[in-house]
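Just so you know, all these numbers are worked out from the coordinates, no wet-lab data involved. Bear in mind the structure is a predicted one, so any value in this text is a computation, not a measurement. When we count neighbours, we look across all protein chains shown, and the Cβ atoms used for this are built from the backbone with ideal geometry, even at glycine.
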Amino acid sequence: MCGIAGALAVVTGLLSGDDVAQVAGRAGPVLGFLLAVTVVAELADAAGVFDAAARLAARIGRGRTWVLWLLVVALGTLATVVLSLDTTAVLLTPVVLALAAQLRLDPLPFALTTVWLANTTSLLLPVSNLTNLIALDTLRGLGVGGTAGFAGLTWAPFLAGLVGAVLVLGLAHRRQLRGTYDPPPPAPPRDPVLFRTSVVVCCLLAPAFVSGVEPVVPATVAAVVLVVVFALRRREVLRPALLPWRTVVLVGGLFLVVQAAQVHGLEDLLRPLAGGGEGFADHLQLAGTAALTANVADNLPAYLAVEPLAGSAARLVAVLVGVNLGPLVTPWASLATLLWLDRCRARGVRISMPRFALLGLVGVAVCVPAATAALQLTS
C-alpha cells in the first residue's frame, strides 16, 4: 500500500523531480544495506549460527532460567547492534521460542524480551536501525563524523535504554524466571564449513561497521562471501525469497509519502509539539513527540517526519531515542514488531495485545526518559 501511495505521489505531481532525486539519494544506501544485511542474516541462520548461539546460552545457563534469560538479553542485544533489529525479530525470535519449548519454559518472557530488545537496543550503531542509517547522513551535515561520531553520541542513551528494558521485563516476569530446566545436549552443525564461515563473517562485521567505511560496503562484501560459499555447498538455499523485496518497496514508498507530506506542510503541523531548546525537558518533549508519532504511524515515517525539527546533533539523537525506544505500545509502531508478531503466531505463542500495550507503556515511560537523561552526558 505504501509503495502504491509513493508511486501516486510521483505520478500525480505531488513530488517534483528534484524531490524524487532527493529521496533517491537518501534512500539508495539505506535500501542497499537492507538488502545486503538481510541476505547475511538469512544465510547465517541457514548455517545454524543463531540456533548454535541459543543452545550455547542454554548450556552456559546450567539449568537456571534467569541466567538463560540474561544470556538471551545479551544475544538479542548483540544481534540487534550488529545485524539490525529486523534480524532479531525475524530470525532470533523463532530460535528462542523453539528453545523455550524444548526446555519446557514459559515462552512469553523470552518472546517479549526479543521484541523489546530489537527496538530498545537499536540505538548504538548506524546499522542497528534504518532510522540510524538515515540520521547518519544528517549528522554529517551537523558536524558529526561517521560511525564513531554516531556511537559517541548514542552509547549512553543506548545503555540507559537497555538497562531500563531489562529492569521492566525482569520485574514483570520475575515469577516465570525463577524456575529451572535441563540443559540441551550439543548439536553439531549440518555443514561445519558453512557454519564456521558464517560465524567468521558475522564476527568481522562488527569491526567493519565501526571502521568508518559506509555500512553498505562491508554488508555487501559479507553477503557476496556467503552467497559464494552457499553456491558451492548448499545451492538450494539461494532463492529469490532471501531478498526482502516487500520491505524494500514498503520503505521506498514511505520515503516518498513522507517527502510529499513534508513538501505540503507536515513540518509546520508538527513544529508546535517538538519544542526548540537543548535542555533535558526540551529533548524529552522532542523524544516524546517522536515516540507518539511512531506508535501512531510506524517508526520510519515518524523519524522522517520529525527529523527536520531537530536542528542539532543532540536533538537528532533525541528523535532517535523516541522512534527507536518508543515503539513498544502498538504492534505497527515498527516493522520489527509486526515481523515478530508473525513469528510468535507461527509458533503458536498467543500475545495479548492489551497486556502488550500496557507493559509497553511502562517500558516507554521508563526507557525514553532514562535514555534522554543519559543523552545529556554526551551532548
Using a Förster radius of 25 Å, what is the FRET efficiency between R104 and L167 based on their Cβ-Cβ separation? Nearest 0.05, please. 0.40
For the chain, whose charge dipole is built from +1 on Lys and Arg Cβ atoms and -1 on Asp and Glu Cβ atoms, the candidate among A305, F110, L56 with its Cα farthest towards the positive end is L56
When E236, E214, E42 are arranged by how many other beta-carbons sit within 10 Å of their Cβ, fewest first, they go E236, E214, E42
What is the fewest-to-most order of F33, F158 by other Cβ atoms lying within 10 Å of their Cβ? F33, F158
Can you order the peptides 288-297, 142-151, 357-366 by their average number of other Cβ atoms within 10 Å per residue, highest first? 288-297, 357-366, 142-151
Can you give the FRET efficiency for A24 and Q376, using 1/(1 + (r/R0)^6), R0 = 35 Å, r = Cβ-Cβ distance, to the nearest 0.05? 0.45
The stretch 186-252, dipole about Cα centre (Lys/Arg Cβ +1, Asp/Glu Cβ -1), debye to the nearest 20: 280
Calculate the FRET efficiency for A281 and R239 from the Cβ-Cβ distance with a Förster distance of 45 Å, rounded to the nearest 0.05. 0.30
Assuming 0.36 nm per residue, please report the length gained on full extension of the stretch A187 to V362 beyond their Cα-Cα distance. 59.1 nm
Ratio of the stretch 75-203's C-alpha Rg to 2.2 N^0.38 Å, to two decimals? 1.24
Whole-Hz Karplus couplings 3J(HN,Hα) for the stretch 295-300, θ = phi - 60° and coefficients 6.51, -1.76, 1.60, Gly and Pro as x, run 6, 8, 9, 5, 6, 5
Among the trypsin sites (Lys or Arg not before Pro) within the stretch 293-379, which fall in a DSSP loop and have no more than 11 other Cβ atoms within 10 Å of their own Cβ? R350
Approximate spin-label separation R350-V213, in nm, with each point projected 7 Å along Cα-to-Cβ: 5.0
With a Cα-only, solvent-free Debye model of the chain, what are the log10 I(q)/I(0) values at q = 0.07, 0.13 Å⁻¹? -0.30, -1.05
What are the ³J(HN,Hα) values, in whole Hz, obtained from phi via the Karplus relation 6.51 cos²θ - 1.76 cosθ + 1.60 with θ = phi - 60°, for each residue of the stretch 322-331 in sequence order, with x given for Gly and Pro? x, 7, 8, 8, x, x, 10, 9, 9, x
Under the definition of Cα pairs under 8 Å and six or more residues apart, what whole-number percent is the relative contact order of the stretch 115-268? 19
May I ask you to compute the full-extension gain from A297 to L142, defined as 0.36 nm times their residue separation minus their alpha-carbon distance, rounded to one decimal in nm? 53.1 nm
Note on the stretch 92-167: contact order normalised by length, alpha-carbon pairs under 8 Å, 6 or more apart, percent, works out to 28
Does anyone have the angle between helix 146-172 and the longest principal axis of the chain? Alpha-carbon axes, 0 to 90°, nearest 10? 60
Relative contact order (%) - criterion: Cα under 8 Å, at least six apart; region: the stretch 2-378: 26
Signed unit charges on C-beta, dipole axis of the chain, positive-most listed residue L169, G149, V249: L169
Return the single residue from L133, L169, L204 with maximal mean-square fluctuation; model: Gaussian network over the chain, springs between Cα atoms under 10 Å. L204
Considering only DSSP states other than H, G, I, E and B, which trypsin sites (Lys or Arg not before Pro) in the stretch 162-194 qualify as loop sites with at most 15 other Cβ atoms within 10 Å? R174, R175, R190
Treating only the Cβ atoms of Lys and Arg (+1) and Asp and Glu (-1) as charged, compute the dipole magnitude of the chain about its Cα centre; round to the nearest 20 debye. 1580
Compute a Gaussian network model of the chain, connecting alpha carbons closer than 10 Å, and tell me which residue from S352, S122, S334 fluctuates the most. S352
